[in-house]
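Here is the structure we will look at, set down as structure tokens.
The values are calculated or read from the model by the stated rules, or taken from the named source; none is laboratory data. These numbers come from a predicted model, not from an experiment. In this analysis, Cβ positions are derived from the backbone assuming ideal geometry, glycine residues included, and neighbour counts consider all displayed protein chains. Quick note on the areas: whole protein, heavy atoms, side chains included, nothing else; ligands and nucleic acids left out. Shrake-Rupley method; radii C 1.70, N 1.55, O 1.52, S 1.80 Å.
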Amino acid sequence: MKCKIEKARLAGNIVCPPNKSYTHRAIFLASLTKGKSQIRNVLLSRDTIATINACKTFGALFKDGDTLTIESSGDVKLQSLEIDASNSGTTIRISAAIASLADTKTTLTGDSSLRKRPMQPLLDALEDLGATCTSIDGKPPITVKGKIQGGEVSISGSVSSQFISALMIASPKTEKGVILNIEGDLVSKPYLDATIATMKKFGVNVNTINPYKKYNIPKQQYKPTDFTVPSDFSSMALLLSAAVLVGDTITISASGGDLPQGDKVMITHLEKLGVKVNLDDKVTVRTPPLLNGGRFDLSNTPDLLPALAILALKTSKPIEIYNVKHARFKETDRIAILARELAKIGIKVQEKEDGLILEAPNNPKGADLDSSDDHRLFMAFCIAGMFVGGCSVTDPESVDVSYPTFIEDMNKIGAKILSI
């Protein structure tokens, strides 16, 4: 499928969707808790539904509604020998660690995109803790058989923080607890902060020995919790880019809460570009005719790459995005695809191993853009298309991964995104 995107100006209020990362974590932790938990403001998307299905496989019981009720015995009792994580890297990685708590062999797989994503560092760590794991060239499908007892383990932090989050979440359920050593420079640090914060909400403490390098997670019990998922600043970043590029009077409704979100730094990045962001009850922006350029380190916030890259359509100087090599291992190689597709609409792009240098087009032009079934790229290309006009973008169904109502929400405030 494709969507046709015409030039548009946007006006009105849009509600930022709930946070995908916190929805994942809360569902997993509730499923490891003895008792009944309630998760409010849940994001129900393709990825989080994959997590719900995985947790059902682990024996948790779910009651749907405005609030998601999850009841569990606190033990991992496998109801099936296979978990399909669909397109979700978070689901397969955390599920693999939880599966290692059982002495039953579990196969974990996913769609064609997920089967290209690296798993080997996590599998090696689980084996060091006593599991038996197999994979195809370090990628899914994988098998995991425990039961891990805990101990001390080392794992690289240079590919994905999800590996470390997965180990942390499983660690309190082991007999010995886990001392976790992170080798190299950890990428996406705020996502580890999110994991630790969510674990604390569920009654488990992670003892920091050396931040982002060494942690001690003793044996503990997760406690039933009433947890509210905050708004998603990864999605908010795209909405803010829309407001900057094609907004007249957009307001964005969002709830922050007290949980850390690294992608909030998008506001700082916008201010560096010359945008004034008002953070009262509703978020609004005031944008200059042309944005400043600048250099942006996205080592901790790789999901901001598409939202920041498309702002090159309106800059007076180049935007350089660096330290984001790990974005090549997301749902797609986002660096390569952004370089290829944004060049089609006239942006001058220099692709580097760890990022992009982008300059505004002399003469922006419509083009057929291929999002490669990547939800964040689809949304970014739609926003770029609203600025340029005369574009089409492939794979609209991909938004089910993180923001199922994106097209509907955009069209309500003036976008012209039509299926063709």
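See the values below:
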read-out: Residue in the range 132-145 that is β-branched (Val, Ile, Thr), touching a Lys or Arg at 6+ places or on another chain (Cβ under 8 Å) and crowded, with 22+ Cβ neighbours inside 10 Å present; value: yes
read-out: Any hit, the range 29-45, residues being open to solvent by 10 Å² or more (accessible area, probe 1.4 Å), of a type in the set (S, T, N, Q) and assigned to a loop (DSSP other than H, G, I, E, B); value: yes
read-out: Residue in the range 158-179 that is open to solvent by 20 Å² or more (accessible area, probe 1.4 Å), out of contact with any Leu (no Cβ under 9 Å at 6 or more places or on another chain), in a strand (DSSP E or B) and of a type outside the set (A, V, I, L, M, F, W, C) present; value: no
read-out: Residue within the range 219-233 that is under 21 Å from Gly157 (Cβ atoms), out of contact with any Leu (no Cβ under 6 Å at 6 or more places or on another chain) and open to solvent by less than 40 Å² (accessible area, probe 1.4 Å) present; value: no
read-out: Subset of the range 60-118 [acidic (Asp, Glu) and surrounded by 15 or more Cβ atoms within 10 Å (Cβ to Cβ)]; value: Glu71, Asp84, Asp111
read-out: So Pro190, is it in contact with a Ser or Thr (Cβ under 9 Å, 6 or more places away or on another chain), of a type outside the set (S, T, N, Q) and over 30 Å from Leu270 (Cβ atoms); value: no
read-out: Scan of the range 1-17 for residues that are open to solvent by less than 20 Å² (accessible area, probe 1.4 Å) and either under 15 Å from the mean Cα position of the chain (by Cα) or closer than 17 Å to Gln261 by Cβ (or both), ordered by number; value: Cys16, Pro17
read-out: Selection from the range 313-328 of residues that are touching a Ser or Thr at 6+ places or on another chain (Cβ under 9 Å) and either open to solvent by 10 Å² or more (accessible area, probe 1.4 Å) or farther than 18 Å from Lys264 by Cα (or both); value: Lys314, Tyr322, Asn323, Lys325, His326
read-out: Looking only at the range 269-312, and only at residues there that are open to solvent by 60 Å² or more (accessible area, probe 1.4 Å) and among the acidic types (Asp, Glu), the one that is modelled with the lowest pLDDT; value: Asp281
read-out: The range 118-129 residues that are at positive phi and of a type outside the set (D, E, K, R), paired with ones that are outside any helix (DSSP H, G or I) and surrounded by fewer than 16 Cβ atoms within 10 Å (Cβ to Cβ) (beta carbon under 6 Å, 6 or more apart); value: none
read-out: Yes/no for Thr134 being without any contact (Cβ under 8 Å) to a residue 12 or more places away in the chain and outside any helix (DSSP H, G or I); value: yes
read-out: Hey, Asp333 open to solvent by 10 Å² or more (accessible area, probe 1.4 Å) and over 22 Å from Val246 (Cα atoms) or not; value: yes
read-out: Odd one out for Arg295, checked against (1) farther than 27 Å from Tyr191 by Cβ; (2) in contact with a strand residue (DSSP E or B) (Cβ under 6 Å, 6 or more places away or on another chain); value: (1)
read-out: Residue match in the range 141-148 (condition: of a type in the set (A, V, I, L, M, F, W, C), farther than 19 Å from Ser86 by Cα, over 23 Å from the mean Cα position of the chain (by Cα) and assigned to a strand (DSSP E or B)); value: no
read-out: Residues of the range 234-268 that turn out to be in contact with a Gly (Cβ under 8 Å, 6 or more places away or on another chain) and open to solvent by less than 20 Å² (accessible area, probe 1.4 Å), as a count; value: 1
read-out: Tabulated pairs, the range 400-420, first closer than 13 Å to Arg376 by Cα, second among the small types (Gly, Ala, Ser) and surrounded by 19 or more Cβ atoms within 10 Å (Cβ to Cβ), C-beta under 7 angstrom, 6+ apart or interchain; value: Asp400/Ser45; Val401/Ser45; Ser402/Ser45; Ser402/Ser235; Tyr403/Ser235; Pro404/Ser45
read-out: Single condition Glu183 does not satisfy, out of (1) farther than 21 Å from Lys325 by Cβ; (2) open to solvent by 50 Å² or more (accessible area, probe 1.4 Å); value: (1)
read-out: Residues of the range 348-371 classified as in contact (Cβ under 8 Å) with a residue 24 or more places away in the chain, more than 17 Å from Gly293 (Cα to Cα) and either open to solvent by less than 50 Å² (accessible area, probe 1.4 Å) or not in a strand (DSSP E or B) (or both), total; value: 9
read-out: Residue check for Cys55: touching a helix residue (DSSP H, G or I) at 6+ places or on another chain (Cβ under 8 Å) and either of a type in the set (D, E, K, R) or within 22 Å of Ser398 (Cα to Cα) (or both); value: no
read-out: Restricting the range 119-131 to residues that are acidic (Asp, Glu) and within 19 Å of Lys213 (Cβ to Cβ), the residue that is least open to solvent (accessible area, probe 1.4 Å); value: Asp124
